[in-house]
Amino acid sequence: MTKAQPARHSQSDEILKGLNAPQRQAVIHMDGPLLILAGAGSGKTTVLTRRVAYLISQGVEPWSILAITFTNKAANELKHRIRALLGDKADGVWAMTFHAACLRILRSEYPAIGKNARFAIMDTQDQLRIMRQVLKEMNLSEKQYSPSGMLRIISSAKDKLWDPGVLARNAVSFYETKAAQVYALYQKKLAELNGMDFDDLIMQTVLLLKDHKHIREKYQNKFKYILVDEYQDTNRAQYELTKILAAAHKNLTVVGDDDQSIYNFRGADLRNILDFEEDYPSCKVIKLEQNYRSTQVILDGAYHVVSNNYFRKEKRLWTPKKGGAPILVVLTPNQDEEAQFVADEVMRLSATRPLGSIALLYRTHAQSRNFEDAFMRAGIPYNIVGGLRFYERKEIKDAIAYLRLIAYPNDYISLERIINEPPRGLGPASVRRITGYAEQNGLSIIDALCKISEIPKLTRPQKAAAEELGLVLKDVSDTANISTHEIMAHILENTGYKSHLIRMDSKESEARLENLDELLVSMRQSASKGETLYDYLENQALASDQDMYDESKDACVMMSLHAAKGLEFDVVFMVGMEEGLLPHARSIGDEDQLEEERRLCYVGMTRARELLYFTRAACRQAYNDVYFTVISRFIKEIPQHLLEIHAFDRDEL
């Protein structure tokens, strides 16, 4: 026996410490496909972390492990925990989201096949700008063909790995046929910009691997062990990507819970997890049913809701912590009293626990207004997750657009955004002349701005303003070894953007200046980690709502049920528990959608550690009308002995 072996065993023992029997089985499984059915709060992050660490402790090279999560926050948590167990050995693991992994592959492999790897990632607002151009060029009315509607069809097609031709062949209406034509022109516009949207990142990676055998085999050989978290939320493109990468070794571990599949509207395909055993007949199946989060009362209530679904794998969560407070059902006369009750109860609870441990969950964002009003009247701090994100604020989008012009020389979408921020007297016609000149002469947009005197049909003041902008941008783009925050500070000062806000001298402009200062802080932090301008833009583009959630903030959390996935709180208020809200009106009459709404209810319930509240308003106001509500069927699916009902009228229960 070598001297290294006892140390390895010692490290393995440390990795396995504290795991229950099914968790341990999942961690020590070495080769072959593995399906881990991990119920809510069953310690799946612990299992994922320990499994990666265990593989490395058994001699698996860190760089041969790919661990996929659905948010950057989850990926960072995974890396942090692995590093805590293994130290520097963990550094080579690819622990990241699908989009981040695909981005890394495309950046690395595109030059080898003659493609430009420095493409821009288009966010939602960029996509809408491009789509509006497409519809205008095709003489299509935005009322008949809404930009967001067209983008949803295109996104759904890309989830299925359909190009415009396949979408056209599968069209069943004139509208869908037209959408296929829109899709084709939309992709042409993206190519002109050397840009990709989020769906392209995955679709283009799948096509790259399918079309280039040497690249496909490179990554199949590289990734000997692949782990995918939240597998129930994968779409067809993600499924295909995982299948291709795992084809050589078949050491694929997927972790998920069919009872928590709530993203069908984003293309998630529940069949991916339900049919995993058919795809990999030799797979081992392990159920994690011990819950480390909620009381047994909450778990039993949640089970009685979700067990009404037909399409699910049977599992039932349990906890050694027996009992618990009953689920409180509060039936109020109207929406104002519902909001007031929640505000009063939050105020009472805050005397014994942090506000940040209390969450208010709703089915639609529009429901938050009444609660915000009640909280403001009561002076209760609150934090809305999934509202207007920091990077979606106007001044931040403007600042980022300036940076993108430097990073991506053909990004005319960014030019359109900042050409008149601050005002320079340059409109859409001026932008078309500048971008047209750049394209005809093989110039970057910045170089075209600097040669503005050669572009006809622009007034002298317009040329002076455009040239000044071009020189400011060229000055920083030509400067070597300058950090992102220094580039940004130079732009804000020398383009007149900052001085324009100062001259406005309002509370709004003051808040915008504060946000820009915060942006500079984030850029300085990025530079301190050795990240480049491109790294910063990529990280910002890939951020999600959950990545923006600050758990340390002492404020009651308000968010949609969808945004709450993966989080947990001591106290949860599920508000608007009515037919038409939860389940949503769109789902009623459609069994598949109704099952998803039931899973959404299950997810909300299992966010609660100690106390769970359901609230319902007997009547609500819509526009100038008042309508009476019907209590959610999901409450009626819970046995009465698990509930405590506070109501002005108990007849419905």
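Could you list, in sequence order, the residues of the stretch 246-261 that are in a helix (DSSP H, G or I) and open to solvent by 10 Å² or more (accessible area, probe 1.4 Å)?
First, pick out the residues of the stretch 246-261 that are in a helix (DSSP H, G or I): 258-260.
260, the sole residue that qualifies.
If you filter the stretch 411-443 down to residues that are of a type outside the set (Gly, Ala, Ser) and over 25 Å from residue 498 (Cα atoms), you find that the one that is surrounded by the fewest Cβ atoms within 10 Å (Cβ to Cβ) is 440. Only one of the numbered conditions (1) part of a helix (DSSP H, G or I); (2) more than 21 Å from residue 121 (Cβ to Cβ); (3) touching a residue at least 24 places away in the same chain (Cβ under 8 Å) is not met by residue 490, and that is (3). Here residue 322 clears all of (1) over 24 Å from residue 265 (Cβ atoms); (2) open to solvent by less than 40 Å² (accessible area, probe 1.4 Å); (3) touching a Ser or Thr at 6+ places or on another chain (Cβ under 9 Å) except the condition numbered (2).
Summed over the stretch 471-501, the residues that are among the hydrophobic types (A, V, I, L, M, F, W, C), open to solvent by 50 Å² or more (accessible area, probe 1.4 Å) and closer than 21 Å to residue 391 by Cα give a count of 0.
When the stretch 562-575 is filtered for residues that are open to solvent by less than 10 Å² (accessible area, probe 1.4 Å), modelled with pLDDT of 95 or more and not aromatic (Phe, Trp, Tyr), the ones remaining, listed by number, are 571, 572, 574, 575. Within the stretch 326-361, the set of residues being surrounded by fewer than 16 Cβ atoms within 10 Å (Cβ to Cβ) and either touching a strand residue (DSSP E or B) at 6+ places or on another chain (Cβ under 7 Å) or free of Cβ contacts under 8 Å to residues at least 12 places away in the same chain (or both) comprises 333, 348, 351, 352, 353.
If you check residue 135 against the conditions, is it free of Cβ contacts under 8 Å to residues at least 40 places away in the same chain and either in a helix (DSSP H, G or I) or farther than 25 Å from residue 266 by Cβ (or both)? When the stated conditions are applied, residue 135 does not pass them.
For residues in the stretch 195-244 being assigned to a helix (DSSP H, G or I) and among the acidic types (Asp, Glu), which is most open to solvent (accessible area, probe 1.4 Å)? Talk me through it step by step, then tell me what you get.
Just the residues of the stretch 195-244 that are assigned to a helix (DSSP H, G or I), to begin with: 198-211, 213-222, 231-233, 236-244.
Then keep just the ones that are among the acidic types (Asp, Glu); that gives 199-200, 211, 217, 233, 240.
Numbers: 199: 37, 200: 5, 211: 111, 217: 77, 233: 11, 240: 36 Å².
Per the stated criteria, the residue is 211.
Residues that are buried (at least 19 other Cβ atoms within 10 Å of the Cβ) and part of a helix (DSSP H, G or I) were ranked within the stretch 159-186; the one that is nearest to the chain's Cα centre (by Cα) is 159. Under the condition of being in contact (Cβ under 8 Å) with a residue 60 or more places away in the chain, open to solvent by 20 Å² or more (accessible area, probe 1.4 Å) and either touching a strand residue (DSSP E or B) at 6+ places or on another chain (Cβ under 7 Å) or among the aromatic types (Phe, Trp, Tyr) (or both), the residues counted in the stretch 262-278 number 2. When residue 283 is tested against the conditions (1) modelled with pLDDT of 90 or more; (2) surrounded by fewer than 16 Cβ atoms within 10 Å (Cβ to Cβ); (3) of a type in the set (A, V, I, L, M, F, W, C), the lone failure is (2).
The condition of being modelled with pLDDT of 95 or more and small (Gly, Ala, Ser) holds for residue 180.
Screening residue 406 with (1) open to solvent by less than 10 Å² (accessible area, probe 1.4 Å); (2) assigned to a helix (DSSP H, G or I) gives one miss only, at (1). Filtering the stretch 25-45 to residues that are within 26 Å of residue 601 (Cβ to Cβ) and not in a loop (DSSP other than H, G, I, E, B) leaves 35, 36, 37, 38, 44, 45.
Looking at the stretch 449-487, which of the residues that are part of a loop (DSSP other than H, G, I, E, B) and of a type in the set (Val, Ile, Thr) is nearest to residue 396 (Cα to Cα)? Can you show your working first?
At the first step, the residues of the stretch 449-487 found to be part of a loop (DSSP other than H, G, I, E, B) are 451, 455-459, 478-483.
Next, from what is left, pick out any that are of a type in the set (Val, Ile, Thr): 455, 459, 479, 482.
Values: 455: 30, 459: 30, 479: 23, 482: 20 Å.
Looking at residues that are part of a loop (DSSP other than H, G, I, E, B) and of a type in the set (Val, Ile, Thr), I get 482.
Just to verify a result, which residue in the stretch 93-138, among those that are more than 17 Å from the chain's Cα centre (by Cα) and hydroxyl-bearing (Ser, Thr, Tyr), is surrounded by the fewest Cβ atoms within 10 Å (Cβ to Cβ)? Ranking the candidates gives 108 first.
Scanning the stretch 495-517 for residues being farther than 20 Å from residue 392 by Cα and within 32 Å of the chain's Cα centre (by Cα) gives a total of 0.
Considering only residues that are in contact (Cβ under 8 Å) with a residue 40 or more places away in the chain and of a type in the set (A, V, I, L, M, F, W, C), look in the stretch 139-158 and name the one that is most open to solvent (accessible area, probe 1.4 Å).
Looking only at the stretch 139-158, we keep the residues that are in contact (Cβ under 8 Å) with a residue 40 or more places away in the chain, and these are 140, 154-156, 158.
Subsequent filtering for residues that are of a type in the set (A, V, I, L, M, F, W, C) retains 140, 154.
Numbers: 140: 28, 154: 4 Å².
Applying the filter and picking the extreme gives 140.
Residue count for the stretch 55-66 under the criterion of being open to solvent by less than 30 Å² (accessible area, probe 1.4 Å) and in a helix (DSSP H, G or I): the result is 5. For residue 192, the test of being among the acidic types (Asp, Glu), open to solvent by 40 Å² or more (accessible area, probe 1.4 Å) and modelled with pLDDT of 95 or more is failed.
Could you pull out the residue among 597, 637 that is open to solvent by 10 Å² or more (accessible area, probe 1.4 Å) and under 19 Å from residue 366 (Cβ atoms)? First the steps, then the outcome.
Details: 637 fails: under 19 Å from residue 366 (Cβ atoms).
Criteria check complete, one pass: 597.
Within the stretch 67-92, the set of residues being of a type in the set (A, V, I, L, M), under 15 Å from the mean Cα position of the chain (by Cα) and part of a strand (DSSP E or B) comprises just one member, 68.
Being open to solvent by less than 60 Å² (accessible area, probe 1.4 Å), modelled with pLDDT of 90 or more, among the hydrophobic types (A, V, I, L, M, F, W, C) and part of a loop (DSSP other than H, G, I, E, B) holds for only one residue in 446, 380, 400, and it is 380. Name the one entry in 295, 332, 319 that is within 30 Å of residue 621 (Cβ to Cβ) and among the hydroxyl-bearing types (Ser, Thr, Tyr). From the options 295, 332, 319, the qualifying one is 332.
The values are calculated or read from the model by the stated rules, or taken from the named source; none is laboratory data. What you see is a predicted model, and the numbers here were worked out from it, not measured in a lab. No Cβ is skipped: glycine too gets one built from the backbone with ideal geometry, and neighbour counts run over all protein chains shown. SASA here: full protein model, heavy atoms, side chains in, ligands and nucleic acids out. Shrake-Rupley method; radii C 1.70, N 1.55, O 1.52, S 1.80 Å.
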